[in-house]
Structure formats: C-alpha cells, structure tokens
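The structure appears right after this line, and notes come after that.
The values are calculated or read from the model by the stated rules, or taken from the named source; none is laboratory data. Everything quoted here is computed from the prediction, not taken from an experiment. All Cβ positions, even for glycine, are placed from backbone atoms using ideal geometry, and neighbour counts span all protein chains on display.
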Amino acid sequence: MNTAVKLSAFTLGMAGVFGVSLGAGQLLGPDRAERPEHVQSSPAAAHGDHGDHAAPEPEPAAAAELAISRADAPDGRFAFLVTGQDGKPVTSYDVEHDKKMHLIVVRKDLSGFRHVHPELRPDGAWEVESPLGEPGGYRAFADFKPTGGSAQVLTLDTEVPGSATERPLPAASETAEVDGYTVTLDGTLTAGGTSELTMSVSRDGKPVTDLQPYLGAYGHLVALRKDDLAYLHVHPEGAPGDGKTAPGPDITFFAEAPSGGDHRLYLDFQHEGRVHTAEFTVHVH
Ligand SMILES: [Cu+2]
C-alpha cells in the first residue's frame, strides 16, 4: 500500500541560496511536477552556500539513488526510512533550516497540511508523532540533504483507511484566518517567472510586529499544486537578525511557479511561542 516514490533533487529557482542563515528566496523542484512517480532524475544544482560549487557534479545516479519507504512505528507514530543504493539507511544528514529532516504531509485534496520534524532512530528510521489525520490518501514530502549529497525531496504516498470524504479546494482568496490571526497576501504568483509575494500578519486589526524566528526565518511557505501535488518550497527574503528584516507584519517571499493551475499556499509563522499555519488558495496564471 505504500508507494515509495523517488523524485528529483530540486531545481533552484534562484541560484545558490539554500540556507537558513541567508534566508533568501528558494525554490524546490518545480520539475517534479511533470515527472511520473517512478522516474528518478538528476541531482540538484549545488547549493551555493555550502561551498560545494567547486565539487564536480556528481553522477546523476549517485545522488539520486535514494529511496523512501514506510517503517514500522508504535501506535500513533509515523516512521520512514531513507535508503541508499546499497539498501542501507542513510544516517548522515546536514542541518537545513534548523533541522535535518523536514516532513511535509498533506491529504491529497490538499487538506490536513502538517510540517513536522522527525527524529532519527538508532535503526536509521525517522520517526515522529503521526501527522496523518482523517481517512484518505496522503502524500508525505521528506525534504533533506544527506551529508555529501544533494538537497532533495522524496515523496511517499500512504493511506489512512476508512471512508474518506474529499474536500473541495477552498475558493481563491487573498485573506486567510488562522487562530485569531488574519494574514493577507499581496502579489501575484505567475507561472514561469519569479514572483514576489508579501504576506502580512495582523491580529485584532493590528499589525503583528513581533513575529518570532521559526526554523531560522519569520515565515516558511510551501505551495502545492492541486491534483499533482507539485511541491514548491519557498523562503523569505531576509532573515531574523540581518539588521534589515523586520519581525512582521510583512514577510516577503520570492517564488517561481513552474506552471499554472490552482495551488494551495501554506504559511508557517511563529508568534508568542506558537506556530500557526495560514492557508491560501491561489490560481497561478
Ligand atoms: Cu521543517
């Protein structure tokens, strides 16, 4: 029932700006959208701030030959393995955005978004409190960088048994309400170019100006395309502590959408010690 899917390492929308310390706009892998699930692809371009420009490009197979699969976990937990070509678990990872492993989970109708950070078990599996919710099909995106390899996103499809009700995608809106906060979206995400998006956070009609760094930034934005769940991971312009980036109310992102269609945007931000996720439906032209 679990479909291990291997997807490409990502293509950077903006050259060489991976890295939480820089916090610059970053795009993960538009090309996966067009790829059938069984296809593997070449490794990502080297990420600039890891000092690996000088390294020769790895053979495509070398970096791409990782696979992901579910692993056994206690009740209420979710575990998976990342394995190399030799079939052994990959156990050495670089920290990216404060964590070695970012796991994005969403139901296939784009509801139930979760962004969690599993822990590496002694047996090499990653485990976390289950991010799965009500019945239905789910896709998990494991976003990581194995030490010495390329940053990449592997996807794993799984299912929560039971009678599933598909939720229609909420209507497109430039305003999202979450946990008493209102987040407004300014800017237009267009296909095939770089789009500047500004998200502005307010509460009770007042701009929030004391956002807290979360994973090294004031906001993390993930976009998923309806139907094929193409994954777009974007990071904000500016970083906490860089002397020019204010802690709200505005969070600015640069993103490139590889293609059009309806997308769901998920903004994680932290305020007063809690992380909130504001969601928007956006139609990309
Ligand atoms: Cu994360």
Q. Do you know which residues across segment 86-106 are among the aliphatic types (A, V, I, L, M) and assigned to a strand (DSSP E or B)?
A. Leu103, Ile104, Val105, Val106
**Q.** In segment 116-135, the residues that are surrounded by fewer than 20 Cβ atoms within 10 Å (Cβ to Cβ) and within 16 Å of the ligand (Cβ to nearest atom)
**A.** Val116, His117, Glu119, Leu120, Glu127, Val128, Glu129, Pro131
Q: Determine which member of the set Gly149, Gly187 is assigned by TED's automatic domain parsing to the domain that holds Ala217 and either farther than 18 Å from Val222 by Cβ or more than 20 Å from the chain's Cα centre (by Cα) (or both).
A: Gly187
(Q) Name the single residue that is farthest from the ligand (Cβ to nearest atom) among those in segment 208-230 being surrounded by fewer than 21 Cβ atoms within 10 Å (Cβ to Cβ) and in a strand (DSSP E or B). (A) Gln212
Q) Would it be correct to say that Val105 is within 16 Å of the ligand (Cβ to nearest atom) and not charged (D, E, K, R)? A) yes
Q | Unmet criterion (only one of (1) of a type outside the set (Lys, Arg); (2) within 16 Å of the ligand (Cβ to nearest atom); (3) closer than 17 Å to His97 by Cβ) for Thr147 | A | (2)
Q. Which one of Pro170, Pro207, Pro131, Pro161 is closer than 17 Å to Gln270 by Cα and of a type outside the set (Ser, Thr, Tyr)?
A. Pro207
Q. Across segment 150-162, which residue is nearest to the ligand (Cβ to nearest atom) among those that are over 26 Å from Thr281 (Cβ atoms) and among the small types (Gly, Ala, Ser)?
A. Ala151
Q) Residues of segment 129-181 being in a strand (DSSP E or B) and of a type in the set (A, V, I, L, M), which ones? A) Ala140, Ala142, Val153, Leu154, Leu156, Val160, Ala176, Val178
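Okay, residues lined up against (1) in contact (Cβ under 8 Å) with a residue 60 or more places away in the chain; (2) within 23 Å of Val106 (Cβ to Cβ):
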{"residue": "Gly180", "(1), (2)": "no, no"}
{"residue": "Leu185", "(1), (2)": "yes, yes"}
{"residue": "Ala223", "(1), (2)": "no, yes"}
{"residue": "Phe280", "(1), (2)": "yes, yes"}
Q | Yes/no for Leu110 being touching a residue at least 60 places away in the same chain (Cβ under 8 Å), on the phi > 0 side of the Ramachandran plot and either assigned by TED's automatic domain parsing to the domain that holds Phe80 or assigned to a strand (DSSP E or B) (or both) | A | yes
Q) Among the residues of segment 86-96, is there at least one that is closer than 25 Å to Leu229 by Cα, touching a Pro at 6+ places or on another chain (Cβ under 9 Å) and not charged (D, E, K, R)? A) no
